[in-house]
Amino acid sequence: MARRLERVPYEARQLLTLAAVLGRKLDLALLQHDWVWRMTWGQWLLGVSNAAIIHPAEGNQWVFAHEKLRRVVLGQLSPFRLQELHARAAERIEAVYPEAPAYYEKLAFHWREAGEPGGEFHYLELGGPQLLRTSAYREAIESY
């Protein structure tokens, strides 16, 4: 697994770490938001898929080839860098999917992992009523 990761260019690894923080399924809108890389999106996708880190799934989805690969990427990060990436993930979700109830749980998770209890509690509070409406009572209790 480490050899696969070594085949990915340094710049592509930076975005790969953010993708790993966001989850096993790649959210292309989040990854492409505010694109500032020297390589194109196609070059990044090709480089990471050629290294067998990600592969296409049904529809227009891309996923990590294996959860262990994603964990290896996350395991290489310092706790401070991981917190920073969780904050960046939450900020991107807020920018790309503003006021989208489907993302409240993810936002609470990322803000918690970023060490920002204010953001976590905000989205837990917003997510509670939605969970009740969908009869997810256990999750609603945990949210409240």
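Of the helices (runs of 4 or more DSSP H) entirely within the range 1-51, none holds at least 2 residues that are β-branched (V, I, T), open to solvent by less than 70 Å² (accessible area, probe 1.4 Å) and in contact with a Ser or Thr (Cβ under 6 Å, 6 or more places away or on another chain). Whether a residue is assigned to a loop (DSSP other than H, G, I, E, B) and either without any contact (Cβ under 8 Å) to a residue 40 or more places away in the chain or out of contact with any Leu (no Cβ under 6 Å at 6 or more places or on another chain) (or both) was assessed, and L77 passes this test. Is there a residue in the range 59-66 that is of a type outside the set (F, W, Y) and either touching a Lys or Arg at 6+ places or on another chain (Cβ under 8 Å) or under 22 Å from W111 (Cβ atoms) (or both)? There is at least one residue in the range 59-66 that is of a type outside the set (F, W, Y) and either touching a Lys or Arg at 6+ places or on another chain (Cβ under 8 Å) or under 22 Å from W111 (Cβ atoms) (or both). Scan the range 95-120 for residues that are in a loop (DSSP other than H, G, I, E, B) and open to solvent by less than 20 Å² (accessible area, probe 1.4 Å) and the total you get is 1.
Every residue in the range 74-94 that is surrounded by fewer than 12 Cβ atoms within 10 Å (Cβ to Cβ) and either at pLDDT below 95 or under 18 Å from K25 (Cα atoms) (or both), please.
The answer is G75, and nothing else.
Within the range 54-86, being farther than 13 Å from T17 by Cα and hydrophobic (A, V, I, L, M, F, W, C) holds for A57, W62, V63, A65, F80.
For the range 55-68, taking the residues that are under 22 Å from E113 (Cβ atoms) and touching a strand residue (DSSP E or B) at 6+ places or on another chain (Cβ under 7 Å), the one that is most open to solvent (accessible area, probe 1.4 Å) is identified as V63. G59 meets the conditions (1) modelled with pLDDT of 85 or more; (2) farther than 23 Å from A95 by Cβ in every case but one. The failed one is (1). In contact (Cβ under 8 Å) with a residue 24 or more places away in the chain, among the aliphatic types (A, V, I, L, M) and farther than 18 Å from E113 by Cα: is that true of I93 in this structure? Judged against the criteria, I93 is not a match. When you look at R71, is it more than 18 Å from the chain's Cα centre (by Cα), open to solvent by 10 Å² or more (accessible area, probe 1.4 Å) and not hydroxyl-bearing (S, T, Y), yes or no? No: the conditions fail for R71.
The values are calculated or read from the model by the stated rules, or taken from the named source; none is laboratory data. Since this is a predicted model, take the numbers as computed values, not measurements. With ideal geometry, Cβ positions are generated from the backbone for all residues, glycine too; neighbour counts draw on all protein chains shown. Side chains included, ligands, DNA and RNA excluded: accessible areas come from the protein's heavy atoms. Shrake-Rupley method; radii C 1.70, N 1.55, O 1.52, S 1.80 Å.
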